[in-house]
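Below: one structure, written as structure tokens.
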Amino acid sequence: MKNFLIRNLQAIMTGLPGAAARHAGPDIRVRDGVIAAIGKLDALPGEEVLEAGDCVAYPAWVNTHHHLFQSLLKGDPLGINATLTPWLAATPYRYRARFDAELFRLAARIGMVELLRSGCGTIADHNYLYYPGMPFDTSEILFEEAERLGLRFVLCRGTATRTRQLEADLPSALRPETLDGFLADMERLARRFHDPSPAALRRVVMAPTTPLYSAAPEELREIAVAAREMGLRLHSHLSETVGYQDSAQAMHGCTPVEFCERIGWLGPDVWFAHLVKLDEAEIALLGRTGTGIAHCPQSNGRLGSGIAPIRALEAAGVPVSIGVDGAASNEAADMISETHAAWLMQRARRGQEATPAWRGGHFEGGADEATVEDVVRWGSSGGARVLGLGALDGLQVGQQADIALYRLDDPRYFGLHDPAIGPVASGGRPFLKALWVGGRAVVRDDAIPDLDLAELGSQARRAVAQMLAGN
Ligand SMILES: [Zn+2]
């Protein structure tokens, strides 16, 4: 169904800035997968009508940073209370060599299903499960699973041409790739999967795992040049903890963002996950170059890394988006929880800076730091901007019909004065009445067609038991 009318919505959040963040609606018309009209609309003869008087509409979420293979690595006791570096050794690096095609496919499916059920229509996955002579193709599996579920999918193809010491010490260390091997695979993937159009369902991105540890500076420079020649974007992790700041000083005598400038890794075609630890000069440099962020508040909270300075970044000109990060450091791939956390944590971060007036302070708290409208924008049109998907610029006429309808029928929403903010402000997963991607219904009445959730759950339990037995 790509032509229909959604009627009598309680509220519409558009994902747009300023006064355009809400639309009075109450109706949305979709024609050929595109939003054709929003307002008080009469049904056309023969038009399919969806009565939505008990629902609010949001733009489908755009998740800009994830590691889907980690969906089977939630709550690992060895990593649950560890900070970033020991956690990497305890969980993702220890387990990733154990993934075969079947386990990888199952993990990808679980993560995608979780996201879909939160109202997410686009996933950018930073997949770093590659090594020379690998017997299965993780890239192909990811695109197949996304297509099966009707998702837009951006593959950020990771690589490492060197092994980090923390991994080299493990018996399960992956062998590094060569730069030539990586670039050859990028050419293959771009030919096969990359659609440069603004409404693309499939994209590929060059994404060495981290600029400081995964490749030599001259290799990173070469990757940036090759990506731009091929019209591909660049993505990586940066400045997640103070460890990045110390490493950049020790290795290059500068800050992590300055290092990225030296190697050609800043610009509107680049976005980094995390950017928690930054100085003022780095914030200005990121802003000046239009380099984007995938803000991952739950993972940053779970690993005790800190809270990224989103308001300062946005004021400097940095495009802001939201990512759930991998499930090994965030036990739910859910854009509702993620935006709820972003909303709260930005306010808490600001409030934490408050000092009493008698010591020279001048404000009480931080509740004006992030509004629900802000986090909806970051999690939807902000993500589309970072990924270069220009036809996903919020709920407005002419844009792709990537729309989530939430029915606020849980008691947590009873008594809300402003239903529009319910999904983000009240937290928890609302009933997903429908999710459309390009006008195609991929979730209906909170269910994914042809998917047996109970069977998926039992497959996950068997897979975890299998992995634990291998320890
Ligand atoms: Zn990550």
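The values are calculated or read from the model by the stated rules, or taken from the named source; none is laboratory data. In this text, all values refer to a predicted model and were calculated from it rather than measured experimentally. Because the Cβ atoms are built from the backbone with ideal geometry, glycine has one as well, and the counts that use them run over all protein chains shown. Each accessible area value is taken on the protein alone, full model and side chains, heavy atoms only, with ligands, DNA and RNA left out. Shrake-Rupley method; radii C 1.70, N 1.55, O 1.52, S 1.80 Å.
The single condition from (1) over 25 Å from Val154 (Cα atoms); (2) within 15 Å of the ligand (Cβ to nearest atom); (3) without any contact (Cβ under 8 Å) to a residue 60 or more places away in the chain; (4) hydroxyl-bearing (Ser, Thr, Tyr) that Ser305 fails is (3). In the set Gly46, Gly18, Gly79, which member is of a type in the set (Gly, Ala, Ser), surrounded by 21 or more Cβ atoms within 10 Å (Cβ to Cβ) and either farther than 20 Å from Gly301 by Cα or touching a Ser or Thr at 6+ places or on another chain (Cβ under 7 Å) (or both)? None of the others qualify; the one that does is Gly79.
Taking the criterion of being open to solvent by less than 50 Å² (accessible area, probe 1.4 Å), at pLDDT below 95 and either of a type in the set (D, E, K, R) or assigned to a helix (DSSP H, G or I) (or both), the residues of region 349-380 that qualify are Gly351, Glu369. Here Leu84 meets the list (1) surrounded by 18 or more Cβ atoms within 10 Å (Cβ to Cβ); (2) among the hydrophobic types (A, V, I, L, M, F, W, C); (3) at pLDDT 95 or above almost entirely, failing just condition (3).
The residue that is most open to solvent (accessible area, probe 1.4 Å), counting only those in region 131-168 that are assigned to a loop (DSSP other than H, G, I, E, B) and touching a helix residue (DSSP H, G or I) at 6+ places or on another chain (Cβ under 7 Å), is Pro132.
Considering region 279-307, the residues that are within 22 Å of Gln352 (Cα to Cα) and under 15 Å from the mean Cα position of the chain (by Cα) include one that is most open to solvent (accessible area, probe 1.4 Å), namely Gln298. Within region 426-443, the residues that satisfy the criterion of being closer than 24 Å to Gly390 by Cβ and among the β-branched types (Val, Ile, Thr) are Val437, Val442. One residue is enough: does region 377-395 have a residue meeting the conditions of a type in the set (Ser, Thr, Tyr), in contact with a helix residue (DSSP H, G or I) (Cβ under 6 Å, 6 or more places away or on another chain) and at negative phi? No. Checking Glu331, Glu373, Glu280 one by one, the residue that is within 15 Å of the ligand (Cβ to nearest atom), farther than 21 Å from Leu234 by Cβ and of a type in the set (Asp, Glu) is Glu331 and no other. Filter region 238-253 for residues that are within 15 Å of the ligand (Cβ to nearest atom) and in contact with a Gly (Cβ under 9 Å, 6 or more places away or on another chain) and give the result. Matches in region 238-253: Glu240, Thr241. Within region 326-348, the only residue that satisfies the criterion of being open to solvent by 10 Å² or more (accessible area, probe 1.4 Å) and within 11 Å of the chain's Cα centre (by Cα) is Asp334. Would you confirm whether any residue within region 58-66 is more than 16 Å from the ligand (Cβ to nearest atom) and surrounded by fewer than 23 Cβ atoms within 10 Å (Cβ to Cβ)? Within region 58-66 (the criterion being more than 16 Å from the ligand (Cβ to nearest atom) and surrounded by fewer than 23 Cβ atoms within 10 Å (Cβ to Cβ)), the answer is no, since none of the residues qualifies. Here region 211-237 is the region considered, the condition is being within 16 Å of the ligand (Cβ to nearest atom), open to solvent by less than 10 Å² (accessible area, probe 1.4 Å) and modelled with pLDDT of 95 or more, and the residue that is farthest from the chain's Cα centre (by Cα) is Leu234. I'd like to know if region 266-278 contains one or more residues that are of a type in the set (D, E, K, R), out of contact with any Phe, Trp or Tyr (no Cβ under 6 Å at 6 or more places or on another chain) and surrounded by 24 or more Cβ atoms within 10 Å (Cβ to Cβ). No, the conditions are met nowhere in region 266-278.
Okay, residues lined up against (1) within 16 Å of the ligand (Cβ to nearest atom); (2) part of a helix (DSSP H, G or I); (3) more than 20 Å from Ala207 (Cα to Cα):
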position	(1), (2), (3)
Ile80	no, no, yes
Leu88	yes, yes, no
Ala108	yes, yes, no
Leu116	no, yes, yes
Thr122	no, no, no
Asp125	yes, no, no
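In region 381-453, counting only strands (runs of 3 or more DSSP E) that sit wholly within it, the ones holding 2 or more residues that are touching an Asp or Glu at 6+ places or on another chain (Cβ under 9 Å) span 431-437. Scoring Leu313 on the criteria (1) touching a Phe, Trp or Tyr at 6+ places or on another chain (Cβ under 7 Å); (2) more than 16 Å from the ligand (Cβ to nearest atom); (3) open to solvent by less than 10 Å² (accessible area, probe 1.4 Å) leaves a single failure, condition (1).
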